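Structure record follows, encoded as structure tokens.
The values are calculated or read from the model by the stated rules, or taken from the named source; none is laboratory data. Quick caveat, the model's predicted, so the values are computed rather than measured. Cβ coordinates were reconstructed from backbone atoms using ideal geometry, including for glycine residues, and neighbour counts include every protein chain displayed. Side chains are part of the model used for accessible areas, which takes the heavy atoms of the whole protein and leaves out ligands, DNA and RNA. Shrake-Rupley method; radii C 1.70, N 1.55, O 1.52, S 1.80 Å.
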Amino acid sequence: MSPPPSLPSLPAVRPIGRVLIVDDNAELVETLRAVIASGVPGLSIATAANGDAALKMAQKGFDVAIVDVKLPDVSGIDLIQPLRVASPFSEVLLLTGFASVDAAIGALRSGAFAFVLKSFRPEELISIVEQALGKVQLKREREELERRYRDLVEVTDVLVFALDNDDKVALMNRKAASMVNIVPDQALGRPFLESWIPKEDRGAMRTALAGTRDGFAVAAHHHHRAYEVETGFVDQSVPSTARRRVRWHLSRSPDPTGLVYGIGIDITERRALEKRAADAEALSAMGELAMNLAHEIRNPLNAAVLQLHLLNRNLDRLDAEEPTRVALKDRVRIVGDEIGRLNRLLTEFLELARPRGIAREPVHLPRLVDEVLDLEGESAKGKGIEIVRQISAEGCVAIGDREKLKQVTINIVVNALEAMKQGGVLTASVRPAGESVVMTFEDNGPGIEPAVLASVFDPFFTTKEAGTGLGLSIVRKIVDQHGGDVVIESERGHGARVTVSIPMGR
Ligand code: ADP
């Protein structure tokens with residue numbers, strides 16, 4: 001039976017109605033057949049004269065078997081198990097004479113539904129057969145419902161778990177298990193919080209679990225109470241960069257097991273989108289005013305740079321002791337550096353805030369990346385950094401804005417070089433992937449802490465003393481404008497990898 005494409009309102013269970021009579025007494029068989037057929041219309045009735053034949057017939061499936069305790073080749077009692085295995089959710093009635101009533105009673109314990117005396121009254125037989133058919137029908141329906149629930153839990157896109165009173169896993173569906181890199185069976189019995197909930201979220205999860213458990217006791221008279229909690233859900237054994245956020249809906253099973261069920265929805269993307277929208281909004285709110293301010297600051301700043309330059313020249317000619325002149329020039333240099341930083345901040349800020357459109361022209365990305373790497377080659381060498389190029393020239397032309405894509409590349413490369421203070425290797429690759437060109441930049445610097453990783457794209461977020469925190473914000477904005485994608489991955493202590501993909505356009 002293939003699963004239905006959608007769930008109909010009623011379980012589609014095969015109609016119950018196949019009776020198998022197993023007896024070597026042909027006359028009795030005919031009587032049974034006649035009585036049953038007249039009492040329960042619409043049944044299909046098959047017969048077998050011995051145990052061997054009965055098992056063969058049973059392979060075709062039956063619902064209720066009526067089996068003589070005394071068969072030529074085998075005891076009817078020994079047939080109960082194999083028959084029920086051959087056709088699951090079936091029932092067996094034993095047919096017995098007075099001589100073997102004791103044995104038949106004993107057989108109830110080994111799984112027979114009931115026994116019928118050979119001296120049965122017709123209504124009695126009919127009633128027992130109907131009861132047996134009813135029970136089979138119920139079992140089949142229940143099995144079908146359970147199967148559907150199981151399918152629902154397994155195929156659904158939501159995460160499902162159940163916890164016992166010690167917060168150990170009693171159930172975890174495939175979707176949830178795969179998110180933490182295990183198969184569902186491996187999850188059983190493991191401590192849920194310690195295994196998959198990040199430390200910072202455990203308190204919230206514990207509170208919600210406790211609330212769900214207590215809430216039931218308190219609210220049971222009114223209605224079922226459920227708790228909502230949002231946590232990370234991660235494979236803690238791998239310092240992973242992909243932190244999934246899940247919104248859990250907790251409820252306590254009303255049965256005595258007291259299991260707590262959690263149904264979760266992966267909201268990582270939703271949260272990321274919300275955050276991006278908020279970032280964009282924050283930027284546009286700063287808008288015009290801030291841009292004007294930035295322009296206004298730039299002019300006096302340029303004037304200050306000029307004055308500083310002159311001051312430096314004057315100092316060269318100053319009639320003073322050498323140490324004094326050096327000290328003064330040092331001060332001038334520091335002020336110059338600071339102004340330089342302010343200038344950079346303004347340039348980057350304007351780049352980010354300006355709502356200008358982008359050019360759309362073919363850009364040969366391998367050439368562009370080569371160019372940037374050549375440009376930075378000197379400073380890399382000075383830092384003891386080796387640059388490895390894995391650049392394929394074939395089919396790597398994207399549609400976009402050459403200058404802006406160059407800015408993207410520079411920002412990423414400079415970050416990598418700045419990260420590798422003790423030297424290292426920067427590996428840059430460019431290759432086609434489907435409809436996009438993919439560029440990766442991998443360094444083996446100190447990497448990025450998970451807490452930092454979550455913020456690297458935020459405007460003004462920086463961990464550097466003289467950083468502006470705008471480099472990656474600009475990268476993201478430009479990549480977005482190109483309809484592309486940028487991802488940063490890092491394992492603590494193992495460097496960082498930035499992957500940028502830019503559509504090739506038609
Ligand atoms: P800035 O470089 O001015 O700090 P960015 O937006 O370019 O601004 O970068 C933000 C932060 O991301 C950096 O301060 C640094 O902490 C982190 N970061 C970026 N790239 C790397 C890298 N390759 N390795 C380690 N940390 C990085």
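Among the listed pairs LYS60/LYS139; LYS275/LYS381; LYS70/LYS135; LYS199/LYS404; LYS275/LYS464, those whose Cα-Cα separation exceeds 29 Å are LYS275/LYS381; LYS199/LYS404. A straight Cα-to-Cα reach below 18 Å connects LYS175 with the aspartates and glutamates ASP151, GLU154, ASP157, ASP185, GLU230, ASP235, ASP266, GLU269, residues fewer than 8 places away in its own chain not being considered. Put a plus charge on the Cβ of each Lys and Arg, a minus charge on the Cβ of each Asp and Glu, and nothing anywhere else: the dipole of the chain about its Cα centre is then about 600 debye.
The share of C-alpha pairs in the chain whose separation exceeds 31 Å stands at 67 percent.
Net charge of the neighbourhood of GLY111, taken over other residues with C-beta under 12 Å away and scored Lys/Arg +1, Asp/Glu -1, is 0. Can you give the angle from 0 to 90° between the axis of helix 76-86 and the longest principal axis of the chain, with both taken from C-alpha atoms, to the nearest 10? It is inclined by approximately 30 degrees.
Taken about its Cα centre, the stretch 13-132 carries a charge dipole of about 340 debye when Lys and Arg each add +1 at the Cβ and Asp and Glu each add -1 at the Cβ. Counting only aspartates and glutamates at least 8 places from LYS118 when in the same chain, those with an alpha carbon closer than 20 Å to its own are ASP23, ASP24, GLU27, GLU30, ASP68, ASP73, ASP78, GLU91, ASP102, GLU130. For the peptides 157-164, 250-257, 42-49, residues were scored by their other Cβ atoms within 10 Å and the scores averaged per peptide; the highest-first order is 157-164, 42-49, 250-257. Based on C-alpha pairs under 8 angstrom that are at least 6 apart in sequence, the chain has a relative contact order of 8 percent. Calculated translational diffusion coefficient of the stretch 246-370 (20 °C, 1.002 mPa s; Stokes-Einstein with Kirkwood radius over alpha-carbon pairs) equals 103 µm²/s. Charge dipole (Cα centre; +1 on Lys/Arg Cβ, -1 on Asp/Glu Cβ; no other charges) of the stretch 73-200 amounts to roughly 100 debye.
The amide H of LEU259, built 1.01 Å from its N in the peptide plane, has SER253 as neighbours under 5 Å, considering only residues 5 or more places off or on other chains. Here the alpha carbons of the stretch 405-506 define both size measures, Rg and Dmax, at 13.3, 43 Å.
For the peptides 28-39, 403-414, the ranking by mean Cβ contacts within 10 Å, running from highest to lowest, is 403-414, 28-39. With K and R counted +1 and D and E -1, the other residues having a Cβ less than 11 Å from that of ASP24 yield a net charge of -3.
Taking the chain as the reference, fit the longest principal axis to its C-alpha atoms, fit the long axis of helix 402-419 to the helix C-alpha atoms, and give the angle between the two in degrees, 0 to 90, nearest 10. Between helix and principal axis, roughly 90 degrees. Heavy atoms of the protein chains alone define the surface here; on that basis the chain has 54 Å² accessible area per residue at 1.4 Å probe size. Dipole orientation for the chain: of the candidates LEU293, VAL64, ALA327, LEU293 has the Cα lying most toward the positive pole (charges on Cβ; Lys, Arg +1; Asp, Glu -1).
Taking other residues whose beta carbon is less than 12 angstrom from the beta carbon of VAL456, and scoring Lys, Arg as +1 and Asp, Glu as -1, yields -1.
In whole percent, and with a 1.4 Å probe on the protein chains, what portion of the accessible area of the stretch 74-228 is carbon and sulfur? Of all accessible area on the stretch 74-228, carbon and sulfur atoms account for 56 percent.
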